[in-house]
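See below for the structure under consideration.
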Amino acid sequence: MKQLIIILSILLQAAVVFGQKEKKYIHKGNELYKQGKYAEAEASYRTSVEKAKASVAGNFNLGDALYKQKKYDNAAQKFTDIAASASNKNVKAQAYHNLGNALLEAKKLEESIEAYKKSLLNNPKDDQTRYNLAYAQEKLKQQQQQNKDNKNKDKNKKDQNKDQKNKDQNKDQQEKDKEKKDQQNKDQKDKDKQDQDKKDQQGQQPQPNQLSKEDAERMLEALKNEEKNTQDKLKNKKAKGVKGRIVKDW
């Protein structure tokens, strides 16, 4: 981060007493800042700003103290205000640089890139800003690639889930079809068994107008006996001859 340790020459002139108090609190804030006591430094810088609201050094260093406490949104707002109100290109360049840093830490990569570009417009020779710009652009590229990969993974996962769902549905349908076929086979077997049982019962119990095998054999035997008796009677008649009238021719 870039920090303004001294009051720049472009500061608005204020009353001597207010200027001295402002310097006092800025100096105190700077000492606390060096010691890593950023919350205390913030309080001191705020006091200096209350004494001179247009103080570039006070506002600038206040933004730095906020940044060190990871209050990135607050720091970004402070540097945005400084960059918008500053007329000095060097101050603008440093404000945009620090704005880019705050936005970068807040994961607002595209906005940080724009801030670094604005910083370089005001100070094209600042290699640190150029490096930070390249770093932010690379991070953005990685983020976009990661988002693309994640999107593809999500799509692949959805496709896999869809395929699995279709497989499950097909499996369920196959199981239902198998159950249906098994039931149909069972029903058919039951029907066939019932039909066979019925036929077996019909074979065991003679039906009306039908002769059993034993009855048919007895009838056939009776017919044979009757025919034999008839033949015997005819033979007897032929053997005895027939008596008739004798007619004499006188």
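The values are calculated or read from the model by the stated rules, or taken from the named source; none is laboratory data. Quantities reported herein were computed from a predicted structural model and do not represent experimental measurements. Positions of Cβ are generated from backbone atoms using ideal geometry, with glycine treated the same way; all protein chains shown enter the neighbour counts. Just so you know, the surface numbers come from the protein's heavy atoms only, side chains and all, with ligands and any DNA or RNA stripped out. Shrake-Rupley method; radii C 1.70, N 1.55, O 1.52, S 1.80 Å.
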Exercise for the section: Mind telling me which of the residues Ala41, Ala57, Ala83 ends up being closer than 23 Å to Ile113 by Cα and at pLDDT 90 or above? Expected result: Ala83
Practice task
Would you tally the residues in segment 123-182 being loosely packed, with under 10 Cβ neighbours inside 10 Å and in a helix (DSSP H, G or I)?
Solution key: 1
Practice task
Give Ala93, Ala75, Ala54, Ala84 a once-over and let me know the one that is in contact (Cβ under 8 Å) with a residue 24 or more places away in the chain, open to solvent by 40 Å² or more (accessible area, probe 1.4 Å) and among the aliphatic types (A, V, I, L, M).
Solution key: Ala54
